[in-house]
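Heads up: the structure comes next, in structure tokens.
The values are calculated or read from the model by the stated rules, or taken from the named source; none is laboratory data. This one's a predicted model, so the numbers in the text were calculated from it and none came from an experiment. All Cβ positions, even for glycine, are placed from backbone atoms using ideal geometry, and neighbour counts span all protein chains on display.
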Amino acid sequence: MALVVGYDRHLASRAALLFAAELAGALNVALHVVHVVDRSDSPINVEAASSAGATERRLEGERRHVAAALDAADVQWSYHVMDGDPVAALLAAASEHAASMIVVGRPEQGLVATVGHIVTGAVARTLIRRSQRPVVVVPHVVEGRA
């Protein structure tokens, strides 16, 4: 048994990460942190060699951010960078690691976020529809935490 948590640089994602770590610790299960790389993770000029280096540095910074957040947690965890569609990647990771549930941050609110969800679809909403596992959706603020 394990947990899979979707991670990116948004506040709700950090809240989901901390919630998933706490839950994994309470359940004494492994936590698999899945960061799906998309266009927002890459610079505009993806062909330049310096752009590839910048992307790698940014992803390493994100991994260090996860490590810093999980250092205090008494939980076994791993960090996975995956390419492609976030829903497909999270479902694949959950299947690969026999996860009992998937944890994600609640979609952002507001006009700009709504337009983005119309165009790309909300990861949490699509996961809820497609997953055979429970999906826990965590808001960016969880009682007493930011």
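For the range 85-111, a residue qualifies if it is over 18 Å from Phe19 (Cα atoms), at pLDDT 90 or above and aliphatic (A, V, I, L, M), and the qualifying residues are Val87, Ala88, Ala89, Leu91, Ala92, Ala93, Ala98.
Considered as a group, the residues in the range 30-84 that are among the polar types (S, T, N, Q) and assigned to a helix (DSSP H, G or I) include one that is modelled with the highest pLDDT, and that residue is Thr55. Whenever a residue of the range 71-91 is touching a residue at least 24 places away in the same chain (Cβ under 8 Å) and crowded, with 17+ Cβ neighbours inside 10 Å, its partners that are polar (S, T, N, Q) and assigned to a loop (DSSP other than H, G, I, E, B), lying with C-beta atoms within less than 7 angstrom and at least six residues away or across chains, give the pairs Leu91/Ser131. On the stretch given as the range 112-146, residues that are at pLDDT 90 or above and part of a loop (DSSP other than H, G, I, E, B) total 4. Of all residues in the range 29-36, none are free of Cβ contacts under 8 Å to residues at least 40 places away in the same chain and over 10 Å from the mean Cα position of the chain (by Cα).
Being of a type in the set (Phe, Trp, Tyr), more than 21 Å from Arg125 (Cα to Cα), modelled with pLDDT of 90 or more and touching a strand residue (DSSP E or B) at 6+ places or on another chain (Cβ under 7 Å), is that true of even one residue in the range 9-25?
Let us first name the residues in the range 9-25 that are of a type in the set (Phe, Trp, Tyr), namely 19.
Right, trim to more than 21 Å from Arg125 (Cα to Cα) and you get none.
Checked the range 9-25: no residue is of a type in the set (Phe, Trp, Tyr), more than 21 Å from Arg125 (Cα to Cα), modelled with pLDDT of 90 or more and touching a strand residue (DSSP E or B) at 6+ places or on another chain (Cβ under 7 Å).
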